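Throughout, read-outs are computed from the coordinates displayed, never taken from laboratory work. In this text the structure is predicted, and so the values were computed from the model without any measurement. Every residue, glycine as well, gets a Cβ built from its backbone with ideal geometry; the counts of neighbours run over all protein chains shown.
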């Protein structure tokens, strides 16, 4: 068994990104934003740069999805087709 962590953001679904930040209710946007930022702060000095970069990309995806939801570009967080359209664009940058 390998001890390596998969840090390729392309290999993660939206649900998996929620899971790595321990987000149980994806609709509590303000609470989750705080949870995401708190998790980033906790790992900032504990892990190698590659892992921090992965978490930063994951944060960018989740917070952008929340922003798109708040600005009514996404009707809801169950709209997989449109969500993954935006996620695919975000993963390219």
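If you line up the long axis of helix 29-43 against the longest principal axis of the chain, both from Cα atoms, how many degrees apart are they, to the nearest 10?
10 degrees
With runs of 4+ DSSP H residues as the only contributors, calculate the mean residue ellipticity of the chain at 222 nm using -39,500 (n - 2.57) per run, divided by the residue total and rounded to the nearest 500.
Helix-only estimate at 222 nm: -19500 deg cm²/dmol.
Between residue 11 and residue 44, what is the label-to-label distance in nm when each label sits 7 Å out along the Cα-to-Cβ direction?
The modelled label-to-label distance comes out at 2.8 nm.
Classify the chain as rounded, prolate or oblate, taking a ≥ b ≥ c as the square roots of the eigenvalues of its Cα gyration tensor: rounded when a/c is under 1.5, otherwise prolate if a/b is larger than b/c and oblate if not.
Prolate is the answer for the chain, as a/c is 1.5 or above and a/b outweighs b/c.
Tilt of helix 80-91 relative to the longest C-alpha principal axis of the chain, in degrees (0 to 90, nearest 10)?
40 degrees
Which residue, 15, 78, 41, tops the fluctuation ranking in a GNM of the chain built on C-alpha contacts under 10 Å?
Of 15, 78, 41, the Gaussian network model singles out 78 as fluctuating most.
Can you tell me the 0 to 90 degree angle between the C-alpha axis of helix 49-70 and the longest principal axis of the chain, rounded to 10?
That works out to roughly 10 degrees.
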